[in-house]
Amino acid sequence: MDTQYEAGSKGDPVQITEDEAAVYDRQIRLWGLEAQQRMRNATILVIRLRGTATEAIKNIVLAGIGKLVIYDSEDVKEEDLGTGFFFRDEDVGKKRVGAAKARIEALNPLVTVQTLRHPTILEQGSLEALIMSVDLVCVTDWDREALIKINDICRQFGKPFYAGGTFGLLGYVFCDLLKHDYISPDRSAPKEAPKNVKATASYSRLSMALQHRWTGLTKRQTKELNPAVVHIILALWEYQHNHEGKLPDDMDAASELGQIANSIFATSDVNRQVLTSVPLDLIDAMSTSAAHEFSPTCAVVGGILAQDILKALAAREAPIANFFTFDGNTGSGSVCRMNM
């Protein structure tokens, strides 16, 4: 049986107790009591429990959110054991959320953990009610159409949305925080002036971000954004769309993936002095590795995802704006502003 959830009002904010303040003392010193209070009162929904989500969940639970709701309808597979440190050999064949729940709770007993596994949760009415009952939604390792659908529902109810995932050695984080107010350090202020200023960023939904064009960027700006990695991730989403959710898993897919990648590349107006097409070696590498998870990639991408969720909740410092990509081949990451 799934745990029931309730839509609607969440009641009065819970105040941090002295015992909780002692547990979170270092964090409160870092970002302040008010920010920790916001985390303490936050309910976060994570959809899909694979490697990226495992790392992100560990970090947000240890940081002290109030409640974590996890949805995943699938069973633990042998390949999940490499990146899913909430799972053990004896969990293979059990439901992912059931196997992971007690181990997540053990990380921080102050956080309430609720698990959902029935596929009907993703039906329109149930999904809307679930999203209305939480403060922030995070979807990991899912296809483009599902991400767009959930992002649009989040927009409808004014809920911040994160997506993240990995494809072999590559990974990404996307966020749509609607109109986000935060405190930003003012490095240009004189010594006696206030060190922080209020700032606002207006985000775009994923369907709009995907229409982004690279027009007008200099060679240096274009290079810094690593367009090859951005375009191969967009191509992998399109490949998934054409193959009922499956990712490429052998060299037979290289030709089709290359055609898709370069078709997207041709319309996005990337500075040709930097790149004229998506590199063949990257296409070949993704054809054989995109369907597989690698623990170090999940650790980096899940860590960035969690860090940014906490930034958004705390409203201290600027979150990602708005599409982060990680290239495990070089160990580098970059943030591309897509239609913001």
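Take the Cα of LEU107, go 7 Å toward its beta carbon, and the backbone nitrogen atoms of segment 273-301 under 17 Å from that spot belong to 295-301. In a fully extended conformation the segment linking SER255 and GLN15 would gain 80.7 nm over its present Cα-Cα distance, using 0.36 nm per residue.
Compute the Kirkwood hydrodynamic radius of segment 44-90, taking the inverse of the mean of 1/r over all pairs of distinct Cα atoms, and give it in Å to one decimal. Walk me through the numbers on the way to the answer.
Numbers: mean 1/r = 0.0881 Å⁻¹.
With all distinct Cα pairs of segment 44-90 included, I get 11.3 Å.
Under a 5 Å amide H cut-off, with hydrogens placed 1.01 Å from N, THR115 pairs with THR3, ILE70 among residues at least 5 apart or on other chains.
Karplus-based coupling profile of segment 213-223, in residue order and whole Hz: 10, 8, 4, x, 7, 6, 4, 5, 4, 5, 4, with θ = phi - 60° in 6.51 cos²θ - 1.76 cosθ + 1.60 and x standing for Gly or Pro. Projected over all directions and averaged, the alpha-carbon convex hull of segment 38-121 occupies 5.0 nm². The Rg/Rh ratio for segment 175-273 is 1.15, where Rg is the radius of gyration of the alpha carbons and Rh is the Kirkwood radius.
Taking all protein chains as present, what is the carbon and sulfur share of the accessible area of the chain, in % to the nearest whole number, probe 1.4 Å? The C+S portion of the solvent-accessible surface of the chain is 51 percent. According to the Cα-based calculation, Rg over Rh for segment 56-186 is 0.97, with Rh computed by the Kirkwood formula.
Go ahead and estimate [θ] at 222 nm for the chain from helices alone: -39,500 (n - 2.57) per DSSP H run with n ≥ 4, summed, over the residue count, rounded to 500. Spell out each step's value before the answer.
Details: 13 runs with 138 residues, N = 340.
One gets -12000 deg cm²/dmol as the mean residue ellipticity at 222 nm.
When all protein chains stay in place and ligands, DNA and RNA are ignored, the 1.4 Å accessible-area order of ARG155, ARG337, ARG213, largest first, is ARG337, ARG213, ARG155. With kT/(6 pi eta Rh) evaluated at 37 °C and eta = 0.692 mPa s, and Rh the Kirkwood radius from Cα pairs, the chain diffuses with a coefficient of 157 µm²/s according to Stokes-Einstein. Between ASP186 and GLU123, the contour length at 0.36 nm per residue exceeds the Cα-Cα span by 18.2 nm. Rounded to the nearest Hz, the phi-derived 3J(HN,Hα) couplings of segment 261-276 under the Karplus curve 6.51 cos²θ - 1.76 cosθ + 1.60 (θ = phi - 60°) are 4, 6, 5, 5, 4, 4, 9, 9, 6, 6, 4, 5, 6, 9, 8, 9, where x marks glycine and proline.
Given a 1.4 Å probe and the protein chains as shown, GLU78 ends up with an accessible area of around 140 Å². Shape annotation for segment 107-167: C-alpha extents along the principal axes are 35, 31, 24 Å, from largest to smallest.
Modelled spin labels at THR218 and ASN262, positioned 7 Å past Cα toward Cβ, are 3.1 nm from each other. Give a residue-ordered list of calculated ³J(HN,Hα) values for segment 158-174 (Karplus: 6.51 cos²θ - 1.76 cosθ + 1.60, θ = phi - 60°; whole Hz; x for Gly, Pro). Per-residue couplings from phi come out as x, 10, x, 10, 10, 9, x, x, 10, 10, x, 8, 9, x, 8, 9, 10 Hz. Looking only at GLY125, GLY245, GLY171, which one moves most when the chain is put into a Gaussian network model with springs between Cα atoms under 10 Å? Residue with maximal mean-square fluctuation among GLY125, GLY245, GLY171: GLY125.
Report the extension gain between ASP284 and LYS77 in nm, rounded to one decimal, defined as 0.36 nm multiplied by the number of residues separating them, less their alpha carbon distance. Numbers along the way, then the final one.
Values: separation 207, 0.36 × 207 = 74.52 nm, distance 2.62 nm.
Stretched out fully, the ASP284 to LYS77 stretch lengthens by 71.9 nm.
Between LYS94 and HIS243, the distance separating the two model label sites (each 7 Å from Cα on the Cα→Cβ line) works out to 3.2 nm.
Backbone amide hydrogens, once placed in the peptide plane, bring GLY165 within less than 5 Å of ASP141, TYR172, excluding anything fewer than 5 places away on its chain. Under a 5 Å amide H cut-off, with hydrogens placed 1.01 Å from N, ARG316 pairs with ILE183 among residues at least 5 apart or on other chains.
For the cross-link pairs LYS95/LYS179; LYS67/LYS95; LYS95/LYS223; LYS101/LYS149, the ones whose C-alpha atoms lie over 32 Å apart are LYS95/LYS179; LYS95/LYS223.
The values are calculated or read from the model by the stated rules, or taken from the named source; none is laboratory data. Everything quoted here is computed from the prediction, not taken from an experiment. Don't worry about glycine lacking a Cβ; one is built from the backbone with ideal geometry, like all the others, and counts go over all protein chains shown. Note: accessible area is taken over every heavy atom of the protein model, side chains too, but ligands, DNA and RNA are not part of it. Shrake-Rupley method; radii C 1.70, N 1.55, O 1.52, S 1.80 Å.
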